[in-house]
Each structure stands twice: as C-alpha cells, then as structure tokens.
1. Nearest 5 is fine: what % of DSSP beta bridges in the chain come out antiparallel, could you say?
2. Label-point separation (nm) for S148 and M44, each offset 7 Å from Cα along Cα-to-Cβ?
3. Where nothing but the Cβ of Lys and Arg (+1) and of Asp and Glu (-1) is charged, how large is the charge dipole of the range 191-259 around its Cα centre, in debye to the nearest 20?
4. Relative contact order of the range 180-272, please, whole-number percent, based on alpha carbon pairs below 8 angstrom and at least 6 residues apart.
5. Please list Y184, Y136 in order of solvent-accessible area, largest first, computed with a 1.4 Å probe with all protein chains present.
6. What's the carbon and sulfur percent of the chain's accessible surface, probe 1.4 angstrom, rounded to a whole number?
7. Pairs of alpha-carbon atoms within less than 8 angstrom and 6+ residues apart define the contacts here; what relative contact order does the chain have, in percent?
8. Please state the shape class of the range 147-262: rounded when a/c is under 1.5, otherwise prolate if a/b exceeds b/c and oblate if not, all from the C-alpha gyration tensor.
Amino acid sequence: MPTSRVSLITSSDLTDQLLDQAGGAITDGILQRKVRRSLQQGLMEVSAHRVWNYSRRRVAIYTQTPYSTGTITYTQSSKTVTLASGTFPTWASQAWIRIASKSYIVRTRSSGTSLILDDDNNPGADVAAGTSYILYQESYRVPYDCSSILSCWDTTGRFRLAGIPPGEFEAVKTSQYESGTPQYFTVTGDDWLKGALCIKFAPVPTGNRQISYFYDRTQQPLRIWKYNTGTATISASATALTGTSTVWTANMVGSVVRFGTATTEPTSLEGSSPYAEERVITAFTSATAVTLDEAVDSAYTAVKYTVSDLVDIEPTACKTAVVNCAALHFARERNADSAELSRRTSAYVDSLRLAMQADRRFTIEDWGFGHADSGFPMAHTPTRAGY
C-alpha cells in the first residue's frame with residue numbers, strides 16, 4: 001500500500017503556474033527572472049503577514065554555568081588571555097569574560113587555555129598573572145529561520161520570562177555583572193555571526209537551566225528552481241538515492257525529489273506526467289548520492305527525476321494567497337495597467353482573508369479563551385498592509 005503523504009509544493013510548481021498565467025516559456029530568461037523574483041516577494045510577504053500556526057516552532061536550550069577556574073594573564077599586543085590552570089569550555093568561543101569588574105567579548109577560543117579578545121573591546125593594557133576572572137554566556141544563537149520569538153519559558157523553574165526591547169534590556173542589566181535565575185530576554189543581532197540573531201538573558205544564567213521558546217519561522221529564499229540532469233535509481237523500501245551523470249550538491253538538502261519514468265520527466269499533479277512519488281532530501285553524501293526522509297514505495301531504475309526547493313507553507317491555507325501575491329508582484333514587474341493591478345490586488349486580499357480563516361484550526365471560544373487577552377496573535381487586516 002502506498003505511503004500516505006501530503007502533496008508538497010515546490011518552487012517548480014509555482015514557477016510553472018505563474019508562467020502559465022503569463023503565457024510564456026521557461027526558456028525566456030527575462031521572463032523567468034521576473035517570475036522568480038515575484039515568487040520570492042510573494043512568499044516572503046505572505047509569510048511575514050501574520051504568525052501562521054503552521055510556522056510556529058519550539059526550541060529548548062540549556063544554559064551554561066559561568067566558568068572561573070584558575071587565574072589568567074592578558075597580553076595586550078596579541079589580545080590573548082592565557083589560563084594558568086583549568087580548561088576553557090568549548091562555549092568560550094561565544095562568551096564574554098569579566099576582568100576587574102569590566103566585561104569583554106571573546107572573539108576566538110584558540111585552545112583550552114587561550115582566548116583572543118575583540119580588537120575594539122579589550123582591557124587596553126596587559127593584565128598581570130594571577131588575576132581572577134569570570135567567563136559567561138549571556139546569548140544563544142537562534143535558528144536561521146527565526147523571524148521573532150513568540151514566548152519564552154524557564155522550563156526548569158516553570159515560569160515565563162518577560163520579553164523586552166534590546167535598549168531596555170541593556171538598562172535592566174545596568175553596567176554591573178549579575179548572575180542568577182533569568183527573568184528577562186531580548187532578541188538582537190548575534191555578536192559573532194553577521195546577519196544572525198540571538199536570544200539574550202538577564203541576569204546571566206547560573207547552572208544548566210532548560211529554557212524553551214516558541215518562534216515564528218520565516219520562509220527561506222528559494223534557490224533550486226528545478227534540477228533534472230542525469231537519472232536516479234533507488235530500491236523499493238530504501239532511502240539511499242543514487243544518481244548517474246548527476247551533480248547533486250549539499251544545497252539540495254531540504255529540497256524535494258520527484259520520480260518519473262525512464263522516458264518521461266515528472267510534472268506536478270496538475271501536469272501532463274504527474275510524479276510517481278516524491279520525497280525530501282535529508283542528507284548529502286556526494287554528487288551522486290543523497291538520503292531521503294522516508295523510504296520509497298517502489299523501485300526506480302535510471303528514471304528521470306526533478307529536484308526543486310520545498311515551498312514550506314501549508315497548502316490548505318496559504319498556497320492560493322502566495323500565488324495571488326506573486327501574481328500581483330509579477331503584474332507590477334510587467335508594468336500592468338491599473339485595471340489589472342486592481343484585479344490582482346482584490347484577488348490577493350480575498351485569498352489572504354480566506355487563508356487566515358483556514359489557519360484557525362480550532363474554535364478558541366470552545367476552550368474558554370475567546371477574549372481579547374487570550375494571548376493568541378491576531379491577524380493583520382490586509383487593508384492595513386497598503387492594499
């Protein structure tokens with residue numbers, strides 16, 4: 001019996017749909033760029049329009065105990081902190097070190113006994129041997145697809161942390177180092193990786209506490225629109241996929257592979273040659289070997305296939321809204337007249353409203369939470385987004 005799976009949406013599916021509307025072909029380079037740009041914009045816009053239930057994720061982290069074993073020496077010329085005894089923990093590469101009541105950022109953990117401080121944030125002069133210190137971690141990098149933190153809980157102590165803006169967070173910390181049970185958190189840019197976000201806690205956590213937070217996951221940009229070079233082979237009930245004349249890459253992890261026949265390339269379910277099966281690539285081994293998320297039902301030997309990025313939205317609620325939003329952006333790309341823009345705008349707003357209604361998976365009132373303070377994020381009204 002075939003494995004029961006939800007039909008996925010891929011970048012190739014949405015490209016074909018928009019090209020069909022435009023009456024163009026994938027061989028038209030300029031048209032292709034406009035279609036892909038419009039899809040990226042539509043996907044990001046719908047994703048950011050509200051906190052979709054499908055996009056909520058939970059993360060649990062364990063905080064680090066501040067480390068102060070032994071004593072240190074600091075050499076200004078090399079910005080190097082040297083530990084006399086003990087071993088700096090591995091998390092020291094993303095930590096702060098407190099020396100003589102002032103905190104400095106660690107840029108590199110060179111070894112178990114050596115740290116390099118930031119060029120612009122250091123003592124400014126040598127520090128004599130035998131000096132005490134405190135190494136601590138106040139921030140933890142959030143997942144790359146995190147758009148915002150929805151709530152944060154200390155699951156060790158079973159209480160909720162208060163979220164405050166970065167500016168207020170620094171005021172709460174004041175200029176003094178303080179450790180204890182975290183009461184506050186904020187989200188800001190990561191001090192070590194450009195473009196990344198981190199979550200910070202105050203006071204600095206002592207001990208290995210478990211802290212959990214829910215975050216709003218944002219859709220990542222599409223990169224693989226359709227790759228179909230060579231053929232694919234896999235045994236029935238297997239997850240190891242082998243390619244012939246393929247140049248698969250690590251970027252394909254998370255993408256969708258679809259299987260056709262020895263003579264026909266697979267299309268979407270709406271196409272002329274619907275795919276036989278589809279799976280998600282979960283691991284990259286080589287240019288001719290990848291691993292799939294679930295075993296396939298049937299064997300495929302030297303068949304045509306496609307690899308396309310997964311459009312990670314819920315089909316029931318969001319697909320039509322994404323397509324209509326992309327179509328609106330595509331109309332702008334083509335300098336469409338006001339009548340078409342008005343028609344596209346109305347279609348998008350209507351589909352967005354329907355998507356928000358479909359995203360409500362249970363009746364809040366039935367559970368006694370149907371009031372303004374229920375804590376559930378409310379959808380933005382499309383008309384307030386400028387449409």
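The values are calculated or read from the model by the stated rules, or taken from the named source; none is laboratory data. These numbers come from a predicted model, not from an experiment. With ideal geometry, Cβ positions are generated from the backbone for all residues, glycine too; neighbour counts draw on all protein chains shown. With ligands, DNA and RNA removed, areas are computed over all heavy atoms of the protein, side chains included. Shrake-Rupley method; radii C 1.70, N 1.55, O 1.52, S 1.80 Å.
1. 95
2. Roughly 1.7 nm, to one decimal.
3. Numbers: 7 positive and 2 negative charges, 19 e Å.
The calculated dipole for the range 191-259 is roughly 80 debye.
4. Numbers: 70 pairs, mean separation 14.8, N = 93.
The normalised contact order for the range 180-272 reaches 16 percent.
5. Working: Y184 85, Y136 15 Å².
From most accessible down to least: Y184, Y136.
6. Working: 9800 of 19210 Å².
Within the chain, the accessible surface is 51 percent carbon and sulfur.
7. Details: 772 pairs, mean separation 70.9, N = 387.
Value for the chain: 18 percent.
8. Details: a/c = 3.75, a/b = 2.75, b/c = 1.36.
The shape class here is prolate.
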